[in-house]
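Structure, as structure tokens:
The values are calculated or read from the model by the stated rules, or taken from the named source; none is laboratory data. Predicted model, so just to flag it, every value in this text is computed and none were measured. FYI the Cβ positions are ideal-geometry reconstructions off the backbone, even for glycines, and counts take in every protein chain you see. Only protein heavy atoms, including side chains, enter the accessible area calculation; ligands, DNA and RNA are left aside. Shrake-Rupley method; radii C 1.70, N 1.55, O 1.52, S 1.80 Å.
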Amino acid sequence: MNVAVAAADAMAAEFERRAAARELTVGILGLGYVGLPLTEGFLGKGFKVLAFDPDAEKIATIDAGRTYIRHIDDARVAAMRDSGRLALTSDPSRLAEADALLMCVPTPLNVHREPDLSFVEACARTIAAHLRPGQLVVLESTTYPGTSEELIRPILEAGGLKSGADFALAYSPEREDPGNIQFGATSIPKVVGADTEPERRMAVALYATLTQVVPVSDLKTAEAVKLTENVFRLVNIALVNELKVVYESLGIDIWEVVEAAKTKPFGYMPFYPGPGLGGHCIGIDPFYLTWKARAHGEATRFIELAGDVVTAMPRRVVGHVSEALSSRLGRAVRGARVLVVGLAYKKNVDDMRESPSLEIIERLRGRGAEVDYYDPFIPHALDMPEHPEVAGMSSIAWSRQALAAYDCAVICTDHDGVDYAELAQAVPLVVDTRNATARLPEELAAKVVKA
């Protein structure tokens, strides 16, 4: 065994020993929907955690024992703070204190629907400025195959330390499902990939203390796993939305079809239609692969077709609203008062990223409607440059009197706890994109149009 191999093995062995003994300090970079649950998970397993975020307001909020993510309540945040093992910081120089540095930063698309890796690059450069021998660096953000190898590794090695010899580089895609109480950071298996055995051993040793680990052969394979998961969902959601359109023309209820089909115990998995795609994972991540495929001269027709189908859904919803207002109430969209029920992209969360509700609001206003929204999880809409129409909007206060002021309600998000019966009683027309009104009595169901 040569000296370099022996040194790498020794680095891995020491890291494995310290992981098993809970002697490592785990650094979490980015305290959003991925980083904060990961922080909680490692604290719960007995590790010291260095939680880093350049947003000083987030650091102060956690330090005060308060939450800024709806499905992670104040009590859980306060428990993290009071563990005695959490260090909060916006000072990048402290990253040298951590033995593992987990990058949990956004990976959006730019205006041309191409990968925007500016957050990943900035995070890597921040780490590089303070990188020391023996550390493990892991990217958790979803990205295209080759990101860790082509972008992150050169940045980290620019200071002279070498991946696989002086420090370890791995990739382990986040699998967070905000609002899902059945699965979390300590119950969802973690895929781990690295390009050398010592690096992979170090990453496996860390995550094996948290949950079940699924090692794969290299960085690119691990990056491809996450994209495959999200492409699978995109294609199947697009398929069921296309079936909805077809069945609608035949007078068939897609929801009834799916409910019956899912009773088959093999060979079928239910997916559900809706007003469009939202969130980061399905609406954005598959297009990282289409971009990378084009760079290699390959076409991703299936993925792009699925994207076309789902991005057309908000326009179809607005078409249903227009038609229903005309046929049911004898009035045009222009001047109609419309309430969008649900601003979040999925039920029971406060995340409005890429929500189809945003485009639906913009399209309705573009046709001259007066539009408000109700969402118990989002009292005030975030300012989003790509959706200026929603800037400054706030949720209405729910009351029978307030609801009665609207001509039409459009259910875009099927939050639990919303009284859909009262909604249908108060508003003369309800357009339901989520089948939230499926159990209404017949006299109220008569006021509902499914879209």
| remark: Only one of ALA79, ALA96, ALA75 is touching a His at 6+ places or on another chain (Cβ under 7 Å) and either outside any loop (DSSP other than H, G, I, E, B) or open to solvent by less than 60 Å² (accessible area, probe 1.4 Å) (or both), namely ALA96
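Filter the stretch 361-385 down to the residues that are assigned to a loop (DSSP other than H, G, I, E, B) and among the acidic types (Asp, Glu), then identify the one that is surrounded by the fewest Cβ atoms within 10 Å (Cβ to Cβ).
If we take residues in the stretch 361-385 being assigned to a loop (DSSP other than H, G, I, E, B) and among the acidic types (Asp, Glu), then ASP383 is surrounded by the fewest Cβ atoms within 10 Å (Cβ to Cβ).
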| query | What number of residues within the stretch 135-162 satisfy the criterion of being surrounded by fewer than 16 Cβ atoms within 10 Å (Cβ to Cβ), in a loop (DSSP other than H, G, I, E, B) and out of contact with any Leu (no Cβ under 7 Å at 6 or more places or on another chain)? | reply | 4
| request: Look through the stretch 176-211, keep the residues that are at pLDDT 95 or above and under 30 Å from ALA344 (Cβ atoms), and return whichever of them is surrounded by the most Cβ atoms within 10 Å (Cβ to Cβ). | output: TYR207
| Search result, residues across the stretch 30-72 that are charged (D, E, K, R) and closer than 16 Å to GLU176 by Cβ | GLU40, ARG70
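Does LEU358 satisfy being out of contact with any strand residue (DSSP E or B) (no Cβ under 7 Å at 6 or more places or on another chain), of a type in the set (A, V, I, L, M, F, W, C) and open to solvent by less than 40 Å² (accessible area, probe 1.4 Å)?
yes
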| PHE287 being in contact with a Lys or Arg (Cβ under 9 Å, 6 or more places away or on another chain), among the aromatic types (Phe, Trp, Tyr) and modelled with pLDDT under 95 | yes
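Among the residues of the stretch 194-213, is any outside any loop (DSSP other than H, G, I, E, B), in contact with a Lys or Arg (Cβ under 7 Å, 6 or more places away or on another chain) and farther than 24 Å from ALA451 by Cα? Talk me through it step by step, then tell me what you get.
Our first condition is that a residue be outside any loop (DSSP other than H, G, I, E, B); within the stretch 194-213, this holds for 197-208, 213.
The next check asks that each one be in contact with a Lys or Arg (Cβ under 7 Å, 6 or more places away or on another chain); those that pass are 207, 213.
Right, trim to farther than 24 Å from ALA451 by Cα and you get 207, 213.
Scanning the stretch 194-213, I find at least one residue that is outside any loop (DSSP other than H, G, I, E, B), in contact with a Lys or Arg (Cβ under 7 Å, 6 or more places away or on another chain) and farther than 24 Å from ALA451 by Cα, so the answer is yes.
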| request: Note down all Cβ pairs under 7 Å where the first residue falls in the stretch 218-245 and is under 13 Å from GLY146 (Cβ atoms), the second is in a helix (DSSP H, G or I) and aliphatic (A, V, I, L, M), and they're at least six residues apart or on different chains. | output: LEU227/LEU289
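Look through the stretch 216-227, keep the residues that are open to solvent by 50 Å² or more (accessible area, probe 1.4 Å) and under 23 Å from the mean Cα position of the chain (by Cα), and return whichever of them is farthest from GLY164 (Cα to Cα).
Only one residue tops the list, namely THR221.
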| field | Single residue of the stretch 19-32 satisfying the filter (within 32 Å of the chain's Cα centre (by Cα) and over 16 Å from PHE52 (Cβ atoms)) that is least open to solvent (accessible area, probe 1.4 Å) | value | ALA19
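Does ASP285 satisfy the criteria of being open to solvent by less than 30 Å² (accessible area, probe 1.4 Å), acidic (Asp, Glu) and touching a residue at least 40 places away in the same chain (Cβ under 8 Å)?
Against the criterion (open to solvent by less than 30 Å² (accessible area, probe 1.4 Å), acidic (Asp, Glu) and touching a residue at least 40 places away in the same chain (Cβ under 8 Å)), ASP285 qualifies.
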| remark: Scanning the stretch 326-342 for residues that are within 34 Å of the chain's Cα centre (by Cα) and closer than 17 Å to ALA405 by Cα gives VAL333, ALA336, ARG337, VAL338, LEU339, VAL340, VAL341
